[in-house]
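For reference, the structure is listed below as C-alpha cells.
The values are calculated or read from the model by the stated rules, or taken from the named source; none is laboratory data. Note that the coordinates shown come from a computational prediction; the quantities given were computed from them, not determined experimentally. Note that we place each Cβ from the backbone using ideal geometry, even for glycine, and neighbour counts take in every protein chain shown.
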Amino acid sequence: MVRGFPPFECRAASCAGFTLIEALVAVAVLAILTSVALPSFMDSIRKGRRADAVAALAAVQQAQERWRSNRNAYTTELTAEPDDDPPGLALPDASAKGYYAITVDDADATGFTTTASAVAGSSQASDGPCARLRIRVDGGNVFYGSAAVAGDFDESAANPCWAR
C-alpha cells in the first residue's frame, strides 16, 4: 500500500499545531524581550542623534571665531545675513536634521554661549540630561555642558552627553 505524505497516519492528537497556551507563552516571551530591548534601542538612537546638535554647535563656534577675528566682539545674531543691520552669522536656527533648535544666548568681547535644545515633541526631548547641549566660550576657554529640558547645565569633565 502506498501512503501519501506525511508517511504516517494523521490522528487528531498527533497532527495538532500549537495549542492556545503555547501561543500565549510565545507572545508573552516576545513582549518581555521587546519591553527590555526597546528602551535600550531608543537610547542608542537618541545618542546617535546628538551628533546633529554637536555639528550645529561646532558650526556656530567656528562662525563666531571667524566673526571675532574681524570684529572686537562675538555676536548674538545667528540667522541675520552679514549685510543685514545688525549683521549676523547667517546660520540656520535649527540643526541640519531638525532635531534641535539652535540659539546664541549671550555674547560679548570675551565669549559667547550657544545652546542646542531638543525640539519639543521629538524623541530627543526625552533624552534625559542631554536634551539641551551647550558650548560656552569664556576668555578663550571652551566649556561643554548639557542639561535636561529644565534645570542647570552640567559642565563637568565626566558629562556623559559629550564624547570627548
Exercise. Residues 104, 142: which one is at pLDDT 95 or above, at negative phi, in a strand (DSSP E or B) and surrounded by 12 or more Cβ atoms within 10 Å (Cβ to Cβ)?
Worked result: 104
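Here's the yes/no breakdown for (1) in a loop (DSSP other than H, G, I, E, B); (2) among the polar types (S, T, N, Q); (3) surrounded by 16 or more Cβ atoms within 10 Å (Cβ to Cβ); (4) in contact (Cβ under 8 Å) with a residue 24 or more places away in the chain:
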residue: 75; (1), (2), (3), (4): yes, yes, yes, yes
residue: 82; (1), (2), (3), (4): yes, no, no, no
residue: 87; (1), (2), (3), (4): yes, no, no, no
residue: 96; (1), (2), (3), (4): yes, no, no, yes
residue: 112; (1), (2), (3), (4): no, no, yes, yes
residue: 157; (1), (2), (3), (4): yes, no, no, no
residue: 162; (1), (2), (3), (4): yes, no, yes, yes
For this session: Sort through 57, 38 and tell me the only one that's in contact with a Ser or Thr (Cβ under 9 Å, 6 or more places away or on another chain) and part of a helix (DSSP H, G or I).
Result: 57
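I'd like the residue in the stretch 141-154 that is within 17 Å of residue 58 (Cβ to Cβ) and not β-branched (Val, Ile, Thr) and, out of all such residues, is farthest from the chain's Cα centre (by Cα). Spell out the reasoning first.
Of all residues in the stretch 141-154, those within 17 Å of residue 58 (Cβ to Cβ) come to 141-146.
Narrowing the set further to residues that are not β-branched (Val, Ile, Thr) leaves 141, 143-146.
On the way: 141: 25, 143: 20, 144: 16, 145: 15, 146: 12 Å.
Restricting to residues being within 17 Å of residue 58 (Cβ to Cβ) and not β-branched (Val, Ile, Thr), the top hit is 141.
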For this session: Determine whether residue 107 is under 20 Å from residue 93 (Cβ atoms), touching a residue at least 12 places away in the same chain (Cβ under 8 Å) and not β-branched (Val, Ile, Thr).
Result: yes
Exercise. Of all residues in the stretch 100-125, which are within 13 Å of the chain's Cα centre (by Cα) and under 25 Å from residue 67 (Cβ atoms)?
Worked result: 100, 101, 116, 117
Exercise. Any idea how many residues of the stretch 35-57 are among the hydrophobic types (A, V, I, L, M, F, W, C) and loosely packed, with under 14 Cβ neighbours inside 10 Å?
Worked result: 6
Seminar exercise, completed: In the stretch 115-125, anything in a loop (DSSP other than H, G, I, E, B) and surrounded by 13 or more Cβ atoms within 10 Å (Cβ to Cβ) is listed as 119, 122
Exercise. Does any residue of the stretch 126-134 turn out to be among the polar types (S, T, N, Q), crowded, with 19+ Cβ neighbours inside 10 Å and within 17 Å of the chain's Cα centre (by Cα)?
Worked result: no
